[in-house]
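**Q** Take a look at this one; I'll ask things after.
The values are calculated or read from the model by the stated rules, or taken from the named source; none is laboratory data. Please read all numbers here as calculations on a predicted model, not as lab measurements. We place every Cβ from the backbone using ideal geometry, glycine too, and count neighbours over all the protein chains shown.
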Amino acid sequence: MVSVFMLVYNQEDYITETLQSILNQKTTFPYNIIIGEDCSTDNTREILKEFKTQFPDQIKLITSDKNIGLINNFIRTLNHCDGKYIAICDGDDYWTDSDKLQMQVDFLESHTDYSIVFTRKKDVLPDGSISTYQPKKLDTSNFTDLIKGNYIPSVTALFRNKINGTLPLKWLYKYPYGDWPLYLYTTRDGSNIKFLDTVTAIYRKDIGVSAKVRKSKTGIIKVNVNILKDIYDDSAFKHYKAIVKQSMRQHQITYMTSLVSDDQLLKSVKLFVSLMLKVNPVQLSRHYLYSLKKQYW
C-alpha cells in the first residue's frame, strides 16, 4: 500500500531512530521501506544491513559503489517505490505519530480527488532546541497554489504514486533537490492537496546532504527560477503555462531583490533590465528601489 522513500548518507547518529519510527507505524495494510544509501563513509551502511537482516521482506536497500549525489539518489530510489502511495522520511528525520501512515492513507482512500496529504512538523536545530512555529497552511490547495512555492514538508507528506517506476522529468537531474517538482507533477491533473493540522514528524534543520544548498536563500531562489523555466517548457504541464509563467516572473523579481541583499549589484541590475519588458515596469521599479533602500540606506 505504501512505499516509504528514504535517502541516506553518513547518518549513523540518526538512522536507527529514523527507521524505528517508521517500523513503529500501526497500520492495517503492508508497507515497505525503500532506502537509497549513497556510499556513506561512516557506519551507516552497516547499520542498514543489520535492519535489512531483521526485516528482509519490508526493507529494500539500494547501495552505491561510489557517491552519486543527492538528486541521482533521489530519482533512482523514487523509481524503486512500488506502493500505491509514497511517503518520504530522510535518514536524519523521524516520525513522532505512530498513526501517521494509517491516518493519511485513510484520507486519500476516501478522497479520490486529492493526491497529496501533509501535516505539521517540528524542527530540531543543530543546538538541540526545538522550533514549533509554522505559518497556517490552506486546508485544501492545488497546483495553482503550489506553483508559487513549496510549502509541503517532505517528512510529513504522503502522495499517490503516479510515476509508475519512471519519473519522466528528465531535466530534474540538473537540480540539487526534487521534492517540489515531484509534488507539482503529482498535482498537474487538477487533484487537490490536503493539510492536516497535527504534528507527525521531526525535521532536523541545517544538517544533511542538502543543508548547504538550502542555507543560501539567493541560491534556492535561483534554483527555483530555473525549475520553473523547465516546467514551463515541459509538455506535461502545458495546461498551466500562464500560471507557471506568472510564478516564474515573481520568483525572478524575488531573485533580483535577493541579489541586492547579497551585494551582487551588477547581477541585480542586469536582471532588472531584462525584466523591464516582461513585467509591470512600475511594480518592478518599486521592488528594486525598496530593496536598494533597505540594503543601503
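**Q** Looking at 268, 291, 285, 247, can you tell me which residue is exposed (fewer than 14 other Cβ atoms within 10 Å of the Cβ), in a helix (DSSP H, G or I) and among the small types (Gly, Ala, Ser)?
**A** 285
**Q** Could you say whether any residue in the stretch 133-151 is in the same structural domain as residue 57 (by TED's automatic domain parsing), farther than 20 Å from residue 189 by Cα and outside any loop (DSSP other than H, G, I, E, B)?
**A** No, every residue in the stretch 133-151 fails to be in the same structural domain as residue 57 (by TED's automatic domain parsing), farther than 20 Å from residue 189 by Cα and outside any loop (DSSP other than H, G, I, E, B).
**Q** Considering only the stretch 111-156, state which residues are on the phi > 0 side of the Ramachandran plot and in contact (Cβ under 8 Å) with a residue 24 or more places away in the chain.
**A** The answer is 149, and nothing else.
Conditions (1) closer than 27 Å to residue 180 by Cα; (2) out of contact with any helix residue (DSSP H, G or I) (no Cβ under 8 Å at 6 or more places or on another chain), marked per residue:
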| position | (1), (2) |
| --- | --- |
| 3 | yes, yes |
| 10 | yes, no |
| 33 | yes, no |
| 42 | no, yes |
| 61 | yes, no |
| 66 | yes, yes |
| 76 | yes, yes |
| 82 | yes, yes |
| 89 | yes, no |
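**Q** I'd like the full set of residues that are of a type outside the set (Val, Ile, Thr) and surrounded by 17 or more Cβ atoms within 10 Å (Cβ to Cβ), limited to the stretch 193-204.
**A** Matches in the stretch 193-204: 194, 195, 196, 201, 203, 204.
**Q** So, of the residues in the stretch 153-165 that are in contact with a helix residue (DSSP H, G or I) (Cβ under 6 Å, 6 or more places away or on another chain) and either among the aromatic types (Phe, Trp, Tyr) or outside any helix (DSSP H, G or I) (or both), which turns out to be surrounded by the fewest Cβ atoms within 10 Å (Cβ to Cβ)?
**A** 165
**Q** Going by what's in this entry, would residue 132 be described as among the hydroxyl-bearing types (Ser, Thr, Tyr), surrounded by fewer than 18 Cβ atoms within 10 Å (Cβ to Cβ) and modelled with pLDDT under 95?
**A** Criteria met by residue 132.
**Q** Considering every residue within the stretch 34-50, establish whether at least one is out of contact with any His (no Cβ under 6 Å at 6 or more places or on another chain), closer than 19 Å to residue 157 by Cβ and either in the same structural domain as residue 143 (by TED's automatic domain parsing) or modelled with pLDDT under 95 (or both).
**A** Among the residues of the stretch 34-50, at least one is out of contact with any His (no Cβ under 6 Å at 6 or more places or on another chain), closer than 19 Å to residue 157 by Cβ and either in the same structural domain as residue 143 (by TED's automatic domain parsing) or modelled with pLDDT under 95 (or both), which makes the answer yes.
**Q** When the residues of the stretch 48-85 are narrowed to those that are assigned to a loop (DSSP other than H, G, I, E, B) and touching a residue at least 40 places away in the same chain (Cβ under 8 Å), which ends up farthest from residue 167 (Cα to Cα)?
**A** 67
**Q** Related question: Report, by residue number, each residue of the stretch 49-102 that is under 20 Å from residue 26 (Cα atoms) and touching a Leu at 6+ places or on another chain (Cβ under 6 Å).
**A** 51, 52, 85, 87, 90
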